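Heads up, the thing below is written out as structure tokens.
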Amino acid sequence: MKMRFSVLLVFAFFVANAIGQDWRDVSVLDINKQPPRSGNLPSSSIREALSEDGTPFYKSLNGQWKFQFSENVNDRPLDFYKENFSVNDWAEIQVPGNWELQGYGIPMYLNHPFDFSPNQRPQPPVLDYIPKTENPVGSYRTSFTLPENWDGREVFLHFGAVKSAFYLWINGEKVGYSQGSKLPAEFRITPYLKEGENVLAAEVYRWSDGSFLECQDFWRISGIERDVYLYSTPETRIRDFKTLTSLDEEYNNGILDFSAEILSYSNKKEKVSLSLAIYDDQEVIWQFSEELKLNSAEAVVTRNVEVEDIKHWSAETPYLYDFVVELKDADGDVLEVQSSKLGFRSVEIKDKQLLVNGKPILIKGVNRHEHDPRTGHYISKDLMEEDIRLMKSLNINTVRTSHYPHDPYWYKLCDKYGLYVINEANIESHGLGAALQAPYNYHIADDPEWAEAHLERVRRMYYRDKNHPSIIIWSSGNEHGDGCNIREIYKWFKSQDSRPVMIEQAGEKAHTDIFGPMYDTPREMENYALQPQAYRPLIQCEYAHAMGNSLGNFKDYWELIEKYDILQGGAIWDWVDQGMYDQLDNGIEYFAYGGDFGQEDQRNDHNFCINGIISPDRQLNPHSYEVKKVYQNIAVHPIDIQAGTFEIENKFFFKSLEGYNLEITFLESGKPFKSLVIDDLSASPREKEEVKIDYPQFDECKEVFVNFNFTLKEKNGLLPKGFSAAKEQILIQNGNPGKFASPKNAKKVKVKEVQNGWDITTDDVNLFFDKEKGNFLNFAVDGKVLIKSGPEPDFWRVPVDNDYGYGIRKEMGVWEHAAGNAQVKSVKLLRKNTNIEINVDRRLDDVDAWFRSSYTIQPGGEITVDHHLDCDPNRKSPEIPRVGSLLRIPEAMEVFEWYGRGPHENYVDRKESALIGIYEKNVEELFYPYIRPQENGYRTDVRWVKITDGKNGLYVSSKIPFSFGAEKFEKEDYGFNEEKPNKRPRMHTYDMISRDYIVLNLDYGQMGVGGDDSWRRMPHQIYRLPRREYKFSYTITPFLVD
């Protein structure tokens, strides 16, 4: 593990008084920076190393620093690093933190262009595109005093991450230079220190040549982004150690491949001893000791051992041991102790599959950007822990660190709580083009001059993170092109350890161990699975683009993944909506996206950063429930429904179902009426077991479901006792969904013809039917208006983000105004016994179709509505976004109770997680505030819905399940881009002004929301509404609330 990192231009750096533009020189990657290491901190004893109380040899420098912002390189304060330079009148800035979020400069969101050249793809010589002068600079100053017990020790300064390049001074003397914004920069500062107060100065540049490798799809913001601290070591120290673990060929015993580097800053020969030990809950289970003679400044110790009877680490069973390295001098006195966690597991590609501990696991993954809506790219430990808790609660088992190494604490959490990690290097040069996308003529990925710039980032990531058992795959980066430098990255990874390497840009070429495409459709995945020459697993590095109201057809992916062995999952794009808190003049906070911070004249990519399964404040977006359901690890299959026998399938790879209770609930017409618990589940991993359920007596005329809910018997990591890990629902009896409202008794319907229509009355009900419009106005009971207008045809939905991606107005735009442009051609009123029937024919010339409606009014005020969309057979028009009807009801009618799918919104292609039952919400709760407002709040497979104002109500039912939505907004309230109708309008929730009434949709249905991607693909054909004949009906019954 001995490493020698070349240091370039050191002499020139220390001799020169002025700073050159090292940040525009690809041959200068760092100056006087320490080689990378795993990040363990020194302790003075084994007890101290194993405790969670920290070490006395650590000092945080986080906090308020003095700060000066300069828009231009030439305007920066040149002598600010000098001790006698006064910064008393400088402002203060929080470190860590991004300066754009603290009032300096403008946050910019871009997908793939370079932020220093957003409107032009750089061409050789590309370094000319890094601004020589128009490059913002942040000048930082702080001071510190060393603890007394550090006297005589070596002192190192650690910057966790700095964007994008910086120079460092201590007490007025230049220490070094670093670039690469997502990995630590450490400097040995012992020679520059003095007694008492020491002055630290850092000059940070927004852009550098390293920015060519940092063109990720996220907010382009700058500054000191992670922790800054000091640590001290003895003169002779453990510089680093490496613990690679695996299992023997039978996947029983643990294999430890260990190496350590001992470094001395003295010039004398000395004897030391190095002791190693593995602890299992404070008990030593293996130990080793060796004496060393240091005849030079460095010594390397290696050891390969087999440890018997160990417990394996996996994401399901994250068992960790403590590993301790102790260094003593010749007299036996402790010089230093370091420790880390150890997890024994094996990772390999075998027989076309990725195996962990010999098992072909499935990657139920997500991509995660480091994002906090207030602090930007600085993520607190509390927020990281919350992300872990939420991921585990959603049955996610893998995280791809898109698109850079994450904070070191993140990996500790993944080790501890169990998440597989695809660890990704900080390499993305998308602004020059990407392989497998659009053609390009030049790319730094294939330019040997940029070879070291690529490899250095990979090496530093590897040496920092190598010891984490959670890391099962190494990734070269994202959308960085392909070429000689990428092939060298692959070779270097393979020279270090046996973990597989994923290089998305390699496609199916030889220099990747996993075929890791992005946004393959289910059909494309199946096509790969059927290729006889395929020899590597397919794991999508990105799939299921979760932008806005999305993640349709997610279950379709997993039906195929579980069908074909060579398909092993993927990572959803992505974890969290990257909205930033901003504030209106009235103090209202909202989530901002690209272009919201005043750079309308510059290129920005709007809300393309809003594609998380959770919101910026870590609330669950509706589609997160679908992730949890599809990713769950327990399934139920009926064997014999009549006999009450079911099969419980354990989809875990490493643990049985003994830790779960099965809670069973029967629902009769949506109402729970009987529950029981099975507490003796025992199915082994990947096995099934049969359960027999004794059914209670239920009404044979009613619809009956049985719900299965699997809950934790005890607390598991961050998940509490009783947590629901999996759910299933099975229909065991068809029947009547029940009737909860009856029309009032009345003898007759009276009709009076008036101008433009008819006044229709019963004993308690009166309404006006408008012959010109073809619908009702002011349906009232006892003088109380319950329907203001409607029903009228509705064929359009407010586009979701995916709709704009494929161009809904281009594909289906003729339907947007088809209802509004319809002409009422015929209205007929007929008397049928005691009922009144009104038949309306509307001609839809926009789409060459008829919309025929029949309204049957009974004496008690009950109205049965029959709609018929009749398309001309000799004409062709596009598919239909929605087939339905629209009513407007008073805003007081705000309480909705329904029997159908819920409680969260659901769509035809995203409803697996929404079980059928009876739910209640008010109209505001039905609405979901997507950050860019769009279609929301829909409910499908509805049997009936009751709408009330607390006294009066409407009961809507149908013999065939229907869909409904209700909100206080019209479609036009969601905005429209008049200049570019096919582009997403810039809208926020604060732009939405509620109407003084409720818009109610009662529909046959609408097409799915889609989810393959958000820029090209439509919802799957099975979830669309082709041009054909549609009939649907429902009955509206007024009633009094009990």
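Laboratory data are not the source of any read-out in this text; all were calculated from the coordinates shown. Only a predicted model underlies this, so the values are computations on that prediction, with no experimental measurement involved. Cβ: placed from backbone, ideal geometry, glycine included. Neighbour counts: every protein chain shown.
Ranking Arg37, Arg1027, Arg686 by Cβ neighbours within 10 Å, fewest first, what do you get? Mind showing how you got there, number by number?
Details: Arg37 21, Arg1027 18, Arg686 13.
By the 10 Å Cβ count, ascending, the order reads Arg686, Arg1027, Arg37.
Do you know the relative contact order of the chain, to the nearest whole percent, from alpha carbon pairs under 8 angstrom that are 6+ apart?
Working: 2647 pairs, mean separation 86.7, N = 1042.
Computed over the chain, the figure is 8 percent.
Could you name the lysines in cross-link range of Lys271, using Cα to Cα under 29 Å and dropping any fewer than eight places away on the same chain?
Output for Lys271: Lys2, Lys33, Lys242, Lys293, Lys328, Lys341, Lys466.
Filter the cross-link list Lys412/Lys688; Lys352/Lys563; Lys381/Lys555; Lys311/Lys628; Lys771/Lys959 down to pairs whose alpha-carbon distance in this structure exceeds 25 Å.
Numbers: Lys412/Lys688 34 Å; Lys352/Lys563 15 Å; Lys381/Lys555 33 Å; Lys311/Lys628 28 Å; Lys771/Lys959 28 Å.
Beyond 25 Å: Lys412/Lys688; Lys381/Lys555; Lys311/Lys628; Lys771/Lys959.
Hand me the chymotrypsin sites (Phe, Trp or Tyr not before Pro) from the stretch 395-483 located in a DSSP loop with no more than 16 other Cβ atoms within 10 Å, in residue order please.
In loop regions of the stretch 395-483 (DSSP not H, G, I, E or B), the sparsely surrounded chymotrypsin sites (Phe, Trp or Tyr not before Pro) are Tyr440, Tyr442.
Return the label of the correct value of Cα extents along the principal axes in Å, as calculated from the structure shown, out of (1) 113, 67, 55; (2) 157, 94, 74; (3) 217, 143, 92.
From the options (1) 113, 67, 55; (2) 157, 94, 74; (3) 217, 143, 92, the structure gives (1).
Go through Tyr660, Phe646, Tyr631 and say which Cα lies farthest out towards the positive end of the charge dipole of the stretch 619-696; charges sit on Cβ, +1 for Lys and Arg, -1 for Asp and Glu.
Tyr631
Determine one quarter of the surface area of the Cα convex hull of the stretch 358-628, which equals its mean projected area, and express it in nm² to one decimal. Present the calculation step by step, with values, prior to reporting the outcome.
On the way: hull surface 63.0 nm².
Averaged projected hull area, Cα only: 15.7 nm².
Take the alpha carbon atoms of the stretch 558-599, find their center, do the same for the stretch 324-352, and report the distance between the two centers in whole angstrom.
For the stretch 558-599 versus the stretch 324-352, the Cα centre distance is 38 Å.
If each residue's Cβ is checked for other Cβ atoms within 10 Å, how do Met893, Met108, Met391 rank with the fewest at the top?
On the way: Met893 24, Met108 19, Met391 27.
Fewest-to-most ranking of Met893, Met108, Met391: Met108, Met893, Met391.
Could you work out the relative contact order of the stretch 632-733? I mean the mean sequence separation of Cα pairs under 8 Å and 6+ apart, divided by the number of residues, in percent.
Relative CO of the stretch 632-733 lands at 29 percent.
Grab the DSSP H runs of the chain that are 4 residues or longer, score each as -39,500 (n - 2.57), total them, divide by all residues and round the 222 nm result to the nearest 500 deg cm²/dmol.
When only DSSP H runs of four or more count, the value is -2500 deg cm²/dmol.
Given H placed on each backbone N at 1.01 Å, which residues far from Tyr938 in sequence or on other chains put an amide H within less than 5 Å of it?
Asn906
With Cβ to Cβ distances under 10 Å as the rule, what net charge do the other residues near Asn467 carry (K, R +1; D, E -1)? Before the final figure, lay out the partial values.
Values: positive: Lys242, Lys341, Arg464, Lys466; negative: Asp240, Asp415, Asp465.
Around Asn467, the charge tally is +1.
Which cross-chain or sequence-distant (5 or more) residues have an amide H under 5 Å from the amide H of Ala849, H modelled 1.01 Å from N in plane?
Under 5 Å from the amide H of Ala849 lie the amide H atoms of Leu844, Asp872, each far enough along the sequence or on another chain.
Using the Cβ atoms and a cut-off under 10 Å, what net charge is assigned to the surroundings of Val923, where Lys and Arg are +1 and Asp and Glu are -1? Don't skip to the end; give the middle numbers.
Details: positive: Lys921, Lys968; negative: Glu891, Glu894, Glu924, Glu925, Glu967.
It works out to a net charge of -3.
With Cβ to Cβ distances under 9 Å as the rule, what net charge do the other residues near Glu186 carry (K, R +1; D, E -1)? Mind dumping the intermediate values first?
Details: positive: Lys33, Arg37, Arg188; negative: none.
So the surrounding residues net to +3.
Provide the per-residue ³J(HN,Hα) series for the stretch 232-245, in order, calculated from phi with Karplus coefficients 6.51, -1.76, 1.60 and θ = phi - 60°, each as a whole number of Hz, with x at glycine and proline positions.
10, 9, x, 4, 9, 9, 8, 5, 6, 9, 10, 10, 9, 10
How far is the Cα center of the stretch 990-1027 from the Cα center of the stretch 607-627, in Å?
Here the answer is 18 Å between Cα centres.
Given charges of +1 on the Cβ of Lys and Arg and -1 on the Cβ of Asp and Glu, with all other atoms neutral, how large is the dipole of the stretch 778-834 about its Cα centre, in debye to the nearest 20? Spell out each step's value before the answer.
Numbers: 9 positive and 7 negative charges, 101 e Å.
Taking the Cα centre of the stretch 778-834 as origin, the dipole is about 480 debye.
Please list the non-local residues whose amide H lies under 5 Å from the amide H of Met108, H modeled 1.01 Å from N, same-chain partners needing a gap of 5 or more.
For Met108, whose amide H was placed from the backbone, the distant partners under 5 Å are Arg220.
Kindly write out, for the stretch 781-797 in residue order, the coupling ³J(HN,Hα) from the Karplus curve 6.51 cos²θ - 1.76 cosθ + 1.60 (θ = phi - 60°), rounded to whole Hz, with x marking Gly and Pro.
10, 6, x, 9, 6, 10, 10, 7, 6, x, x, 10, x, 9, 10, 10, 10
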